[in-house]
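Here the structure is laid out as structure tokens; the discussion comes afterwards.
Values in this text are rule-based calculations from the coordinates and carry no lab data. Keep in mind that this is a model prediction, so the values were computed, not measured. Counting neighbours? That spans all protein chains shown, and the Cβs are built from the backbone with ideal geometry, glycine included.
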Amino acid sequence: MMRKLLMASMMAVLGAGVWGAPKQPVKKAAPAKKAAVAKKPVRPAAKKAPAAAPAAPVQTPYRKTPYVGAIAADARTGQILFRDRADAVARPASVTKLMTALLVLEDVAAGKYKLTTEVSAGPMALRQEPSIIGFQNPKTKEPITRSVDTLLYALMIRSANDAAVALAEYASGSLDAFVTRMNARAAQLGMTKTKYHNPNGLPPNATKRYPWKEYNTTTCEDQLKLAIEIMRRHPEITKYTSCKTWVMPDGLKIINHNNVMRMDKYKIINPDGTEALDGLKTGYIDAGGSSVVLTGKRDGKRAIVVVLGSATAKERDTNARAIMVRALEKLAGNAPAAPAPAAAPVQAAATPAAPAAPSAAVADAPKPVTPEPAKPAVAAAKETPPAAPAPVAAAPAAPQPEAKGMGGLAFGVGLLVGAGVVAGAAYGAWRWLGKDDRERWDFEDVADPSQSA
């Protein structure tokens with residue numbers, strides 16, 4: 001018995017020494033409570049301010065709504081068909097290039113040089129601001145020459161300012177000498193309120209080291225005299241001004257700035273389906289607004305319209321188109337006694353109805369309608385939606401087998417989807433093939449005073 005007790009004691013001592021005392025369960029401390037975070041009050045989202053109304057067009061003595069001045073006349077007789085402040089002084093911008101073109105065409109006619117003569121650009125021409133055509137090879141950057149013929153296209157279609165200076169320096173030996181010729185020719189034509197300081201219409205810009213210090217100035221009456229002289233003596237100018245797009249020899253595609261001649265919604269169509277307009281020149285500078293000299297003919301009679309200093313290109317185009325429509329109607333002998341409703345968009349071979357525009361007589365010529373607030377367009381020439389085409393009687397459908405269940409519905413949906421795909425492809429092809437005539441040219445609405453068109 002004693003032996004068993006001794007063994008038990010020894011085992012107890014060994015167990016305590018080797019294995020240690022039994023572990024006591026340790027109570028984990030309770031996690032500390034997170035401090036309550038005060039919730040910030042949710043503020044309602046601020047309401048967006050309503051969009052600001054479009055800024056009103058800039059109005060200055062040289063840039064007004066609907067224009068600084070306007071005039072229309074018979075190109076052959078000079079008979080005035082409409083006038084409104086036609087003697088007000090304006091800044092013609094790139095309309096200036098009509099005088100540049102006249103002097104060049106006169107030089108060619110006199111044999112001083114030919115249309116095929118190659119012209120290079122001097123330092124002054126290379127400093128001109130857009131629009132330009134450039135006088136470098138696009139790949140090698142080497143200087144290149146361009147023919148007088150090419151430069152006339154660039155002058156009339158792209159309104160290239162570098163082309164104007166290059167022609168001026170070549171024709172007269174220096175820029176100053178050519179400007180002297182411009183003013184002398186203006187005096188011969190009786191353009192008493194016109195003063196030229198450069199051949200392209202760009203404004204003074206000391207940062208470009210331009211030699212001119214002032215803006216070119218003119219009036220609608222003076223520009224009418226110039227346009228009549230050009231059309232009488234050099235009708236070949238329409239070879240250049242009537243092109244809507246033209247690809248230069250180096251592949252550069254240029255687009256005419258004349259929206260009234262080029263854009264579908266402004267086109268004027270004669271009763272025989274021909275387009276009436278074939279020129280002449282647009283212009284824009286921020287300090288002088290948008291201007292245009294239009295010419296067109298109907299039944300062998302030609303009209304000229306001059307609009308200078310519109311606050312926007314849209315006002316210029318709308319008013320110039322309206323005046324031209326009435327002028328052509330008057331020359332054709334069927335102008336209405338009272339202004340007709342606004343014309344509908346011109347169709348392929350339809351005669352546009354005369355929009356509300358000035359009457360032919362000078363004494364009772366109404367003022368162009370100014371646009372409603374925040375709408376730059378002139379109400380007198382808004383286009384009305386085209387009339388819906390007459391319905392075409394559909395051929396009787398061939399009898400179809402009776403559809404069972406949902407088959408008839410599925411068949412109908414399939415036809416609609418197929419027709420939509422075909423119509424979409426046809427529309428895409430039409431837009432692609434005719435895109436040149438529908439390209440918008442918004443360059444004339446830029447606000448940079450250094451730009452000209």
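With Cα atoms as the point set, the stretch 269-339 shows a radius of gyration and Dmax of 13.0, 41 Å.
Rounded, prolate or oblate: which fits the stretch 49-147 when a ≥ b ≥ c are the square roots of the eigenvalues of the alpha-carbon gyration tensor, with rounded for a/c under 1.5 and prolate only if a/b beats b/c? Oblate shape, in that a/c is at least 1.5 and b/c is the bigger or equal ratio. Taking other residues whose beta carbon is less than 10 angstrom from the beta carbon of R185, and scoring Lys, Arg as +1 and Asp, Glu as -1, yields -1.
Could you sort 221-234, 141-154 so that the peptide with the highest average Cβ count within 10 Å comes first and the rest follow in order? Show your work: numbers first, answer last.
Values: 221-234: 21.4, 141-154: 18.4.
The packing order, highest mean first, is 221-234, 141-154.
Binning all Cα-Cα separations of the stretch 95-165 at 10 Å, short to long from zero, yields these whole-percent fractions: 20, 54, 23, 3. Gain on full extension, evaluated as 0.36 nm per residue between R233 and A206 minus their Cα-Cα distance, stands at 6.0 nm.
Taking a sphere under 10 Å around the Cβ of Y67 and counting the other residues whose Cβ falls inside, with K and R at +1 and D and E at -1, yields a net charge of +2.
Given axes a ≥ b ≥ c from the Cα gyration tensor, I'd like to know whether the stretch 155-289 is rounded (a/c under 1.5), prolate (a/b larger than b/c) or oblate. In terms of gyration-tensor shape, prolate.
What is the sum of charges, Lys and Arg at +1 and Asp and Glu at -1, for the other residues whose Cβ falls under 13 Å from the Cβ of R91?
On the way: positive: R63, K64, K193, K195; negative: E214, D222, D286.
With Lys, Arg at +1 and Asp, Glu at -1, the neighbours total +1.
Taking 0.36 nm per residue of separation and subtracting the current Cα-Cα distance, fully stretching the chain between T117 and D176 would add 19.1 nm.
Starting from the Cα-Cα distance between K253 and A110, subtract it from 0.36 nm times their residue separation and give me the gain in nm to one decimal.
On the way: separation 143, 0.36 × 143 = 51.48 nm, distance 3.08 nm.
Taking 0.36 nm per residue and subtracting the Cα distance, the gain is 48.4 nm.
From largest to smallest, the equivalent ellipsoid semi-axes obtained for the stretch 124-219 from the alpha-carbon gyration tensor read 25, 15, 12 Å.
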